[in-house]
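Since the structure comes first, as structure tokens, the remarks are kept for the end.
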Amino acid sequence: MRRRSLQRRLTLIMLAFAVGCSEDTADQPDRTQTPAKQLAESKPGKKADEVPETPPPTLKFNGVYRSTKANDGWQYLRFYSDGTVISVSSTGDSDAVARWFKKENTESKGLPHGRYEIKDQRLSFSAATKRGTVDYEGVIEENALTLKSHSRINDHRATRTFSFVQLPE
């Protein structure tokens, strides 16, 4: 019985934290409602039977995005929180590429790079080198990107899916 009471109290504390009030306030949540209903009712304009919205997918910075394998290997993209994106094609696997595929090496290794923009879950950027530029545009998904590309070097156009690969820290 004591354990159940402790679990109930912990649940209420977590719920109170989630809705932005403290455990000691007079506005204690109704203990007969589900946590989803309590959260929904705590937000203006929400109905009690609505489930809280899940946040939209975002870019991940702790790994690389790898395309499906093509004849000559994979294409990799790496994004940084400062707005930088780098790109490379390689036959190496994600772990091998990650050792040298870094923002600091864009000039020394001649990596295509640029700045990305996100607007309404749409991602766009251009990756440039001395040889030319490739433009990308597409959507951010949960653990992937679907991007259309257009090379201004040779006019090649493609649509690829890039899956996220988390790298060890």
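Here are the numbers:
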{"read-out": "In the stretch 55-95, the residues that are closer than 24 Å to Glu107 by Cβ, basic (Lys, Arg) and touching a residue at least 60 places away in the same chain (Cβ under 8 Å)", "value": "Arg66"}
{"read-out": "Residue check, Asp120 farther than 18 Å from Ala70 by Cβ and out of contact with any helix residue (DSSP H, G or I) (no Cβ under 9 Å at 6 or more places or on another chain)", "value": "yes"}
{"read-out": "Residue in the stretch 136-146 that is farthest from Ile118 (Cα to Cα), counting only those that are aliphatic (A, V, I, L, M) and in contact (Cβ under 8 Å) with a residue 60 or more places away in the chain", "value": "Ala144"}
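Taken together, the values in this text are just the output of simple stated rules run on the coordinates, not laboratory data. All figures in this text were calculated on a predicted structure; none of them were measured in a lab. Every residue, glycine as well, gets a Cβ built from its backbone with ideal geometry; the counts of neighbours run over all protein chains shown.
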